[in-house]
Amino acid sequence: MKSLYEQVYESLKQEIIAAKYKPGDRVPSEKELSDAFQVSRITSKKALEKLMNEGYVYRQRGKGTFVSESTSEGGRRTDKPLFGLIVTTFDDSFGSGLIAAIERAADERCLFILKCSLGDPKREERIVKELLDYGVDGLIVFPAQAEHYSSEILRMVVDEFPLVLIDRSFKGVAATSVSTANEEAAKTGIDYLFELGHEQIGVLAPDNFETTTIEDRLDGIVEAFAEKQVVVSRDLWCSTLKSTLPTPLGSKEADIESIKTHLKEHPQITALFALEYNIAVLAKTAVEQLGLSVPEDISVLCFDSPPWNELEWNVTHLKQQEAELGTLAVERLLNMYYDETGFEKDRLSAELVIGATTANVKVKHPSS
């Protein structure tokens with residue numbers, strides 16, 4: 001049985017072929033088709049897009065969709081598709097390079113409207129609705145760090161609307177996504193700390209650890225310990241940090257105090273693995289306020305690092321392939337738009353960049 005959008009597409013196509021709609025005539029709008037066929041706006045939009053891709057109709061923004069004089073060369077529309085790009089924030093450690101890569105990959109092939117959700121699920125859902133109402137042809141979304149899936153995103157997946165998720169995947173939902181192989185990357189980080197002799201490793205995670213990104217990193221840590229046949233002590237994990245979230249729920253000072261308290265309660269810790277760069281910055285401050293040094297007393301490892309920071313604090317980190325992630329996201333979206341591919345799930349490896357914040361474990365001699 002054909003999908004809903006294909007049924008709408010076939011019906012309108014036959015009406016055009018039968019000359020019910022002649023060249024230059026305006027065909028029903030997305031809303032009109034939605035009402036007539038009792039389908040969603042996304043479904044009717046996808047039907048019109050398929051007709052545009054095959055050259056039967058063309059769109060004039062603000063005026064409507066019209067029957068073409070003839071099909072375009074190769075059966076493809078000649079105007080550039082307009083996509084939406086929704087990010088949580090603009091961050092030098094991870095995000096700005098991604099946006100730059102998307103802009104380069106889009107050059108001469110498509111256009112993007114950039115919006116920022118600030119990590120607020122409600123704001124994200126409102127932005128999605130606004131972009132869909134405006135008439136974008138597809139979306140790349142860096143989802144807000146929320147426990148529950150956006151209803152708008154789920155609706156797009158069901159309606160097969162061109163959608164690519166960045167740095168997230170929805171478990172049990174067949175949405176195309178492009179992200180880092182976070183489990184593998186975290187395992188690489190722990191393996192490196194083991195090579196330096198660290199086994200008492202504290203893990204610092206944001207309060208919203210339910211996201212697939214953080215969950216995968218924690219799974220990678222557990223797997224690395226299991227392979228080394230070393231017992232994972234979750235007591236050494238601290239996952240109550242709030243100030244690094246896109247929409248802060250706490251203060252940096254409060255998080256620094258939390259890390260200091262954690263280190264005092266667990267003096268056996270010799271290394272800290274921060275699952276985000278901004279947490280690593282807080283960890284360094286906490287260590288120094290306790291009168292200790294990085295890496296002499298405690299090593300620090302994290303995900304990502306701003307390029308400019310290498311001149312000031314060359315932190316050992318797992319570098320995600322921002323350029324490759326952004327480029328691949330655009331390719332996947334364009335392929336979906338032109339009906340060339342379906343559901344894809346890409347995972348790219350991260351690179352371990354050794355800086356000045358990790359060292360061999362410090363041997364603690366018994367006091368005489």
Rounded to the nearest 0.05, what FRET efficiency is calculated for residue 155 and residue 293 with R0 set to 45 Å and r the Cβ-Cβ distance? 0.30
Quote the convex hull volume per residue of the chain, based on C-alpha atoms, as a whole number of Å³. 144 Å³
Hey, can you grab everything whose amide H is under 5 Å from the amide H of residue 352? Only 5+ residues off in sequence or another chain; H modelled, so Pro and N-termini drop out. 319
Taking 7 Å along the Cα-to-C-beta vector as the label spot, tell me the residue 19-residue 313 distance in nanometres, rounded to one decimal. 7.4 nm
Going through 31/80; 187/242; 20/115; 63/129; 80/129; 63/345 one by one, the pairs whose alpha carbons sit over 29 Å apart turn out to be 20/115; 63/345
I need the calculated FRET efficiency for the pair residue 103 and residue 229, taking r as the beta carbon distance and R₀ as 41 Å, to the nearest 0.05. 0.30
Over 22 Å [Cα-Cα, segment 210-327], rounded percent: 38 percent
Rolling a 1.4 Å sphere over the protein heavy atoms, what is the accessible area per residue of the chain, to the nearest Å²? 47 Å²
Per 0.36 nm of contour for each residue apart, how much would the distance between residue 2 and residue 251 grow if the chain were fully extended, relative to their Cα-Cα spacing? 84.3 nm
Summing -39500 (n - 2.57) over every DSSP H run of at least 4 in the chain, dividing by its residue total and rounding to the nearest 500, the 222 nm mean residue ellipticity is -12000 deg cm²/dmol
Expressed as a whole percentage, what fraction of the accessible surface of the chain belongs to carbon and sulfur atoms when a 1.4 Å probe is rolled over the protein heavy atoms? 50 percent
Charges at C-beta only: +1 for Lys and Arg, -1 for Asp and Glu. How large is the resulting dipole of the chain about its Cα centre, in Debye rounded to 20? 1000 debye
Add +1 for every Lys or Arg and -1 for every Asp or Glu among the other residues with Cβ under 14 Å from the Cβ of residue 226, and state the total. -3
Compute log10 of I(q)/I(0) for segment 224-291 with the Debye formula, placing one identical point scatterer on every Cα and leaving out solvent, at q = 0.22 Å⁻¹, to two decimals. -0.97
If I take the Cα coordinates of segment 100-258 and project them onto the principal axes, what are the three extents in Å, biggest first? 55, 33, 30
Ranked from the most accessible area to the least, with a 1.4 Å probe and all protein chains present, what is the order of 336, 1, 52? 1, 336, 52
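The values are calculated or read from the model by the stated rules, or taken from the named source; none is laboratory data. As the structure is a prediction and not an experimental result, all values here were calculated from the model. No Cβ is skipped: glycine too gets one built from the backbone with ideal geometry, and neighbour counts run over all protein chains shown. Areas reflect the complete protein model, heavy atoms only, side chains present, ligands, DNA and RNA absent. Shrake-Rupley method; radii C 1.70, N 1.55, O 1.52, S 1.80 Å.
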